[in-house]
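A quick write-up on the structure given underneath.
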Amino acid sequence: MTKEVINANKPSSNGRFGKFGGKFVPETLMSSLKEIETAFEKISKDDSFWDELITLQKDFVGRPTPIYFAKNLSSKLNQKIWIKREDLAHTGAHKINNALGQGLLAKRLGKNRIIAETGAGQHGVATATACAMLNLECIVYMGEEDIKRQSPNVYRMEMLGAKVEPVTSGSKTLKDARNEAIRDWVTNVESTYYIIGSAVGPHPYPYIVREFQSVIGQESRRQILEKTGKLPDYVLACVGGGSNAIGIFSGFIDDPAVELVGVEASGEGINTEKHAATLTKGTPGILHGSLSYVLQDDFGQIQEAHSISAGLDYPGVGPEHSYLKDIERAKYFSATDEMALEGFKLLSVEEGIIPALEPAHALGFLLDWAKEIEPNKDILFLLSGRGDKDMETVSKKIDSK
């Protein structure tokens, strides 16, 4: 078996999507990044690597995940809603696609100590799962605030043999967890492989993560054609760092008739200081080794982000999304915490599927947006994860009203 070829954007030789991306890291990490880039280019052409990964995707992860016609939701919104069910993948989210691919890459490099960062905990669980299966040591950095919000996933990581390192600096969320993971990597670069969980960070990570998540786009394109005989009119996904969105967008980037729509978290409101709408309100700047849109003040200092969902609570976004925004290939909107809660309830009640709070933002946006576009359009929505991890957060919010 070999990897299915897609024709999505490829970064330039200096790791840029347009002007975005690059490598803004300490000199200590430059040789390691080059080592990873060289190894990835090598395995990209290695059928034995893809044979191993595709077999694991099938037998261990449960791929392909289905697309499902949401009959009740479609009737309610007067649209044709197709749901890509990444919530049915092993560990309950799309994160396992990337964690497994990078875990295999780390083994090829002979690096048996793995570090990762996590916000909502799904990337941490996916990395811990991959490491358990591949017999790798696993350390996961997680903000203290996110540990409180996502305690079920902390227990899952520890049960899988990972060591969860609480991060008490800054806002104690995803940005700070990523900071601590980078500090660890700088200190232990010879023995350690850093599995970044989203399509962010220095080159080649945004490209690597996109390629491992592109399986979502490949499957979705094939499945929607089989179901409808045509491509969708819209592809809709939530965007934090952006790995789930870029994964499904990659299957349709070269189809100009397919509109790509990303939905960020606007927290308590787009015009407040408590949001995470980087592409909507941010400006180009450098965060975690990459040039992209970020939330920053007039002096270039990174501002705190806010979202009810730990996975979207990040003041940056992947460089490829920044590029797609600038060339107007994709459109990006935002949804508040309240809209996300409405989306959470919508899918649960209408279809019997409890979504994670991250994709619930896209569902909340869909409620009003569906009235603004022409009716009976085929809308392919990416359900990037299930909502077990968010039940306590949602119940507290609903009970407090």
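What to note about this one:
- Selection from region 125-151 of residues that are of a type in the set (Gly, Ala, Ser) and either open to solvent by 10 Å² or more (accessible area, probe 1.4 Å) or under 12 Å from residue 164 (Cα atoms) (or both): 128, 132, 143, 151
- When the helices (runs of 4 or more DSSP H) confined to region 312-384 are screened for residues that are touching a Leu at 6+ places or on another chain (Cβ under 9 Å) and within 22 Å of residue 72 (Cα to Cα), those reaching at least 2 such residues are found at 337-351, 357-372.
- Among the residues making up region 186-232, those that are modelled with pLDDT of 95 or more, part of a helix (DSSP H, G or I) and of a type in the set (A, V, I, L, M, F, W, C) are 208, 209, 212, 215, 216, 224, 225.
- Residue 158 part of a strand (DSSP E or B) and open to solvent by 10 Å² or more (accessible area, probe 1.4 Å): no
- Considering each residue of region 206-216 in turn, at least one proves to be buried (at least 24 other Cβ atoms within 10 Å of the Cβ), in contact (Cβ under 8 Å) with a residue 24 or more places away in the chain and more than 19 Å from residue 290 (Cβ to Cβ).
- Of all residues making up region 320-341, the number that are open to solvent by less than 10 Å² (accessible area, probe 1.4 Å), closer than 10 Å to residue 293 by Cβ and over 13 Å from the mean Cα position of the chain (by Cα): 1
- Filtered by the rule that a residue be within 15 Å of residue 234 (Cα to Cα) and free of Cβ contacts under 8 Å to residues at least 12 places away in the same chain, region 372-401 gives 372, 374.
- Restricted to region 257-273, and to residues there that are open to solvent by 60 Å² or more (accessible area, probe 1.4 Å) and either out of contact with any Asp or Glu (no Cβ under 9 Å at 6 or more places or on another chain) or among the hydrophobic types (A, V, I, L, M, F, W, C) (or both), the residue that is farthest from residue 311 (Cα to Cα) is 257.
- Of the set (1) of a type in the set (A, V, I, L, M); (2) under 27 Å from residue 96 (Cα atoms); (3) open to solvent by 10 Å² or more (accessible area, probe 1.4 Å), all apply to residue 276 but (3).
- Residue tally, condition open to solvent by less than 70 Å² (accessible area, probe 1.4 Å) and either polar (S, T, N, Q) or modelled with pLDDT of 95 or more (or both), over region 384-401: 5
- Screening the candidates 365, 381 for the property of being at pLDDT 95 or above, crowded, with 24+ Cβ neighbours inside 10 Å and farther than 18 Å from residue 87 by Cβ yields one hit, 365.
- Residue match in region 169-182 (condition: in a loop (DSSP other than H, G, I, E, B), surrounded by fewer than 21 Cβ atoms within 10 Å (Cβ to Cβ) and at negative phi): yes
- Residue 254 farther than 23 Å from residue 387 by Cα, surrounded by fewer than 22 Cβ atoms within 10 Å (Cβ to Cβ) and in contact (Cβ under 8 Å) with a residue 40 or more places away in the chain: yes
- Any hit, region 342-350, residues being among the polar types (S, T, N, Q) and either open to solvent by less than 10 Å² (accessible area, probe 1.4 Å) or touching a residue at least 60 places away in the same chain (Cβ under 8 Å) (or both): no
- One residue alone among 285, 300 is surrounded by fewer than 22 Cβ atoms within 10 Å (Cβ to Cβ), in a strand (DSSP E or B) and either aromatic (Phe, Trp, Tyr) or free of Cβ contacts under 8 Å to residues at least 40 places away in the same chain (or both), and that residue is 285.
- Within region 65-122, the residues that satisfy the criterion of being among the acidic types (Asp, Glu) and more than 24 Å from residue 145 (Cβ to Cβ) are 86, 87.
The values are calculated or read from the model by the stated rules, or taken from the named source; none is laboratory data. The model shown is predicted, which means the values in this text are computed figures rather than measured ones. Note that we place each Cβ from the backbone using ideal geometry, even for glycine, and neighbour counts take in every protein chain shown. All accessible areas refer to the heavy atoms of the entire protein, side chains included, with ligands and DNA or RNA removed. Shrake-Rupley method; radii C 1.70, N 1.55, O 1.52, S 1.80 Å.
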